[in-house]
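Each remark here refers to the structure printed beneath this line.
The values are calculated or read from the model by the stated rules, or taken from the named source; none is laboratory data. All of these numbers come straight from a predicted model, not from anything done at the bench. Here the Cβ positions follow ideal geometry from the backbone for every residue, glycine too, while neighbour counts run over all protein chains shown.
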């Protein structure tokens, strides 16, 4: 019988900065030699030279699974057929926990706190099995001021092993409140190619929504969230007003998944403080909220002329904030000149971008930006890619999918009243325009 | 104040100073000192000299200090095992501490100290901790059992910890359950037959309940464990699927992938007409798509797995093409994987979009990505016939860009398009020829040369083009040289008048000036073909080519099934079975998908795919009759990989060399005239066995005719060799087909094997092993397959056998059970050998001895057989039998009946005496056999029959 995929064995975890030095490591299992890590950086460097990096590398029987965070590499090693997705999910979790502990995860913060780091590594994983990775719970018994809190640390928080492993008992607030943020990000790829369609066409678009909670509730409250989810209404037979079909829904571990599966009820005991309750994806075709047209004319050896038109295709009452249109320019461009009908534009040479910023962009309006750059007479030989134009924006009080929170029921055995506050925001995700001029 | 100050002490006498501080009376100073020690340890300094001093700090109330000391112990205990004993008492004491954190810490740390002496002391505390009232301690102790098992498996079993661990699966606390499952799975992995997890409907139900309550990581352990279970029937399968599907909504990508693994596996059992089957298919697509919004590394794992899923069940994602479109800022490894999946999903319905995207990618700057995009366009053309024209025109557009690597890549794929759609797009050849000079990569040059040769009659200056390549012939890579040779021969056959000189030139370059045996051999073959029979040459060289398949890089089905069972793991990322990259996993059972069953026939399926269930080994029962412990023996064989330095089997010189090379068709001709062509012979003698691979298939077939010149079957009178039979069909061995026979040549028993690779991947690392058998047959050397066996390649191997192996009586007596291993798996088959190959050369008995022996053997041991329809006279029969070491000792004629007395000696020293009655005009012989071991008589009789009738 073979059950090789169940266990996971990143025998050790370490952080090596670019200085080729192992910062800290923890050998969880002892069957991969410590010296194996010496092969990691040469492998990585070879890959980078070839321009073909890969998150899994191997040397002999040892496999390196790594991620990079700022200037640190987090590397897990194994010599078994480990669960690779678990390893990466865990490495990202480690980054999350350390960031919450030390604000920044970087070389210095590791060195400054190496005792706590060791303690955390002990709690996060045992013998290659991830254990408690919820930083809020960890903070209850692993603290940065170890000596002072000696008393508190003499017992294991029951939360660690509870079925409700994300919330401690005995939380108290004077005023019980829940803040709900519904944030939708729009991913859009526009193709603007005279050969295909002079007016531009939407190649692909989807909406990724998230529901974030900030709960300030006492005790162990039971929450139920109601959305205008089409599947729910279809199930219950009620159909009032607009509903939304969610393509795929992902939940925080606090949500009872089988309950949702059976009757689409989102019921849960929330983590205290901030958390991401759920995310969803909607595939429906979205009208581009900010429509971009661009003409980029390049006159070799002399100059490049850029014209960008932006149009707000959303309700007149709404306003898009902090709109940023980022137009790629050739790396050897110089002497920028800009003219805008609103906002201001600047040249960011280190990123080879012209960035046009509009603080406030009302719906239905149309603006224009013209830019011109000089080009050197000696041409740059290097092939340059054709990066797309990207757009950032944020539209408050509005969801593009029309999703709404219908209710948030809060039940706690003490019977207190609590108020839910809801906020909607639509923002840009991967919002790109590929231009074929 | 931060800890970083601890890293800065580099003064002289540091160790000495630390020693003093560690022994200080002040608690605070002690702690500071321990921190400094740990800091030094972290940066790799050797502070093991402080061992006793640090251990002295162990007894403290300060939890932080204790943790640091424990950390130190874990690091250095192995290098100082004797001193580590000093720590034992504190450990044992700490395991009784009122504070559960300390109890857990102690048991966790003890498990990490891999020192035998310590483990002995660990047992009692561990036993208590496994039953601790605090779940935090229990969950830590559960993992500790796995740690201890890793150090001393026997101890864990003797102490009954495994049973305690199994009990923990029913623990009230979900985290304890999860860790118990993880620990048991880990242990089970190293003990494939232990059936530790004992998965049955009841335990599965417990796991499914725990699934709803434990942490995300616990859910992964449980799901991965569930994936090893094989449900009894489709109903159970469906009910598990129903309870697993909610996990698809988990925010953790790893939970989702593990759930996908369970569903993909169990789905296999559901009838396709079931409504639920369709529902499940629909439910799988959205979570797979959402995985593409995860972090890039997780996306990469997801994409590698989606690549498998798309091959296994294309219907799941067939409408999701767009999500695989490449984003400008995707990392390169994500881009390349997306491209692969796009091609797999390409269909008539979406091809226009796909092509537009691919064309876009082909103008990017990343060379590898661009190359793959161009190649993808070609693959689309081959896959979706309706799009071929558009693809070709897109490729021509790309060639116009004159970007060197784009042009080369395009030419390589256009060659394939020509193969797939002959006589359709040749109008573009002119454009291709324009770019001849810019080709500097072997693959592109070879492709171009192939095109020129293939369409020589339509290219006016084909001879000039090819001649231009010929100038630097010796600087070209083998690939180009071979292609050039073939192309010029093609050209010659098409335009013989103008190109005679050219073909002479290339043949002499290939045969006389080259050191490359492949090239030389191909040259000689063409040369002889052309000089003996140009018509045959035309048929061979210009033969119609088999169509190339649409999907060129599909994973071989059995491997795909196995990989589906490993979704989410490294195997699924590498697209290789775990046995290919995990040490010590050889012989570990391969996972398989369960068989589809109707609900009524649930009882029939347990044999298939219950690798997870653990009891029955996976060896297909139909190949080897299950013989209890015997089978076990065979499965435990340690198959050594082939050693390249091992002794070469004693093949009989030239003849065998020729056989290896030329495959089945020529075998019967070898006795003939091959010696007549010394040049040829030399070529063969030197060539490695891979040659057939570099020849096009039709050429191989044609060779039979060529060599028929030698005339007729010239088999010398020799030992009887049964015809080859298929022992292991390809479908039972993941594409490896083995046929063969046994022979005795010059006193050496040989197993003559023909290995054919009918799978799509290359096979390597062949090895062979026999089970114990009646006459102690065993391989006398390793299986000599020195070169990888490519798809559709065949290789013949002679394996010399010895008779000194372990003996065990088989039924039938001449049954032989064989295990053959390659890089993919281990396969088992059984075959029967003619006992005549065990007849030794010195089997001629003295007459006197014969008479005495005949009398001496009791009559009960005599058996009589009839051989029918044999038309040889006694003289001829005697000669024939002698070839197989059956010796006639005397002959007597009584009343027109010839009585032949014969003796046989088996390799193990058993004598068989025979009396053969041959009556003139009567085709039926009577034979009496006498032997002290009468069991062999039946087999010996069979040999008589076989020898006389062949």
Counting residues that are free of Cβ contacts under 8 Å to residues at least 12 places away in the same chain and surrounded by fewer than 17 Cβ atoms within 10 Å (Cβ to Cβ), which strands (runs of 3 or more DSSP E) fully inside the stretch B:866-937 reach at least 3? B:887-894
Return the only residue of A:302, A:262 being surrounded by fewer than 16 Cβ atoms within 10 Å (Cβ to Cβ) and under 20 Å from residue B:243 (Cα atoms). A:262
Among (1) within 14 Å of another protein chain (Cβ to nearest Cβ); (2) surrounded by 14 or more Cβ atoms within 10 Å (Cβ to Cβ); (3) modelled with pLDDT under 85, which single condition is residue B:68 missing? (3)
Can residue B:302 be described as under 29 Å from residue B:260 (Cα atoms), modelled with pLDDT of 95 or more and either within 12 Å of chain A (Cβ to nearest Cβ) or surrounded by fewer than 18 Cβ atoms within 10 Å (Cβ to Cβ) (or both)? yes
Subset tally (residues that are touching a helix residue (DSSP H, G or I) at 6+ places or on another chain (Cβ under 6 Å) and either in a helix (DSSP H, G or I) or within 18 Å of residue B:98 (Cβ to Cβ) (or both)) for the stretch B:53-62: 6
More than 9 Å from every other protein chain (Cβ to nearest Cβ), part of a loop (DSSP other than H, G, I, E, B) and closer than 25 Å to residue A:57 by Cα: does that describe residue B:330? yes
What about residue B:292, is it within 12 Å of chain A (Cβ to nearest Cβ) and assigned to a helix (DSSP H, G or I)? yes
I'd like the full set of residues that are within 13 Å of residue B:109 (Cβ to Cβ) and more than 49 Å from the chain's Cα centre (by Cα), limited to the stretch B:67-91. B:90
Applying the selection to the stretch A:329-348, what residues are in contact (Cβ under 8 Å) with a residue 12 or more places away in the chain and under 30 Å from the mean Cα position of the chain (by Cα)? A:329, A:330, A:331, A:343, A:344, A:345, A:347
Regarding the stretch B:557-574, can at least one residue be identified that is under 22 Å from residue B:303 (Cα atoms), away from chain A (no Cβ under 12 Å) and free of Cβ contacts under 8 Å to residues at least 12 places away in the same chain? yes
Condition met for residue A:289 (at pLDDT 90 or above, crowded, with 21+ Cβ neighbours inside 10 Å, under 28 Å from the mean Cα position of the chain (by Cα) and within 14 Å of chain B (Cβ to nearest Cβ)): no
Residue satisfying condition, being in contact with a strand residue (DSSP E or B) (Cβ under 7 Å, 6 or more places away or on another chain), within 14 Å of chain B (Cβ to nearest Cβ), in contact (Cβ under 8 Å) with a residue 40 or more places away in the chain and within 28 Å of residue A:284 (Cα to Cα), within set A:403, A:425, A:389, A:395: A:389
Residues A:229, A:248: which one is within 9 Å of chain B (Cβ to nearest Cβ) and in contact (Cβ under 8 Å) with a residue 24 or more places away in the chain? A:248
Might you let me know whether the stretch B:333-348 holds any residue that is within 19 Å of residue A:203 (Cα to Cα), touching a helix residue (DSSP H, G or I) at 6+ places or on another chain (Cβ under 6 Å), outside any helix (DSSP H, G or I) and facing another protein chain (nearest Cβ under 10 Å)? no
Could you list, in sequence order, the residues of the stretch B:306-327 that are assigned to a loop (DSSP other than H, G, I, E, B) and within 14 Å of another protein chain (Cβ to nearest Cβ)? B:319, B:320, B:325, B:326, B:327
Checking residue B:149 against (1) within 18 Å of residue B:127 (Cβ to Cβ); (2) more than 14 Å from chain A (Cβ to nearest Cβ); (3) within 35 Å of the chain's Cα centre (by Cα), only one condition comes out false. Which one? (2)
Whichever residue in the stretch B:216-247 is within 11 Å of chain A (Cβ to nearest Cβ), farther than 24 Å from residue B:196 by Cα and surrounded by fewer than 23 Cβ atoms within 10 Å (Cβ to Cβ) and, among such residues, is nearest to the chain's Cα centre (by Cα): B:245
Lone qualifier among B:101, B:63 - being within 8 Å of chain A (Cβ to nearest Cβ), more than 44 Å from the chain's Cα centre (by Cα) and closer than 30 Å to residue B:167 by Cα: B:101
Residue B:572 fails exactly one of the following numbered conditions: (1) closer than 30 Å to residue B:223 by Cα; (2) at pLDDT below 90. What is the number of that condition? (2)
Search result, residues across the stretch A:103-119 that are without any contact (Cβ under 8 Å) to a residue 24 or more places away in the chain, surrounded by 18 or more Cβ atoms within 10 Å (Cβ to Cβ) and either more than 7 Å from chain B (Cβ to nearest Cβ) or touching a strand residue (DSSP E or B) at 6+ places or on another chain (Cβ under 7 Å) (or both): A:109
Every residue from the stretch B:353-386 that is more than 12 Å from every other protein chain (Cβ to nearest Cβ) and outside any helix (DSSP H, G or I): B:384
Within the stretch A:123-142, the residues that are under 23 Å from residue B:65 (Cβ atoms) and touching a residue at least 12 places away in the same chain (Cβ under 8 Å) are A:123, A:124, A:125, A:126, A:132, A:138, A:139, A:140, A:141, A:142
Scan the stretch B:266-280 and give yes if some residue there is touching a residue at least 12 places away in the same chain (Cβ under 8 Å) and either within 10 Å of another protein chain (Cβ to nearest Cβ) or touching a strand residue (DSSP E or B) at 6+ places or on another chain (Cβ under 6 Å) (or both), otherwise no. no
Would you mind telling me which numbered condition in (1) within 23 Å of residue B:241 (Cα to Cα); (2) over 31 Å from the mean Cα position of the chain (by Cα); (3) within 14 Å of chain A (Cβ to nearest Cβ) residue B:144 fails? (1)
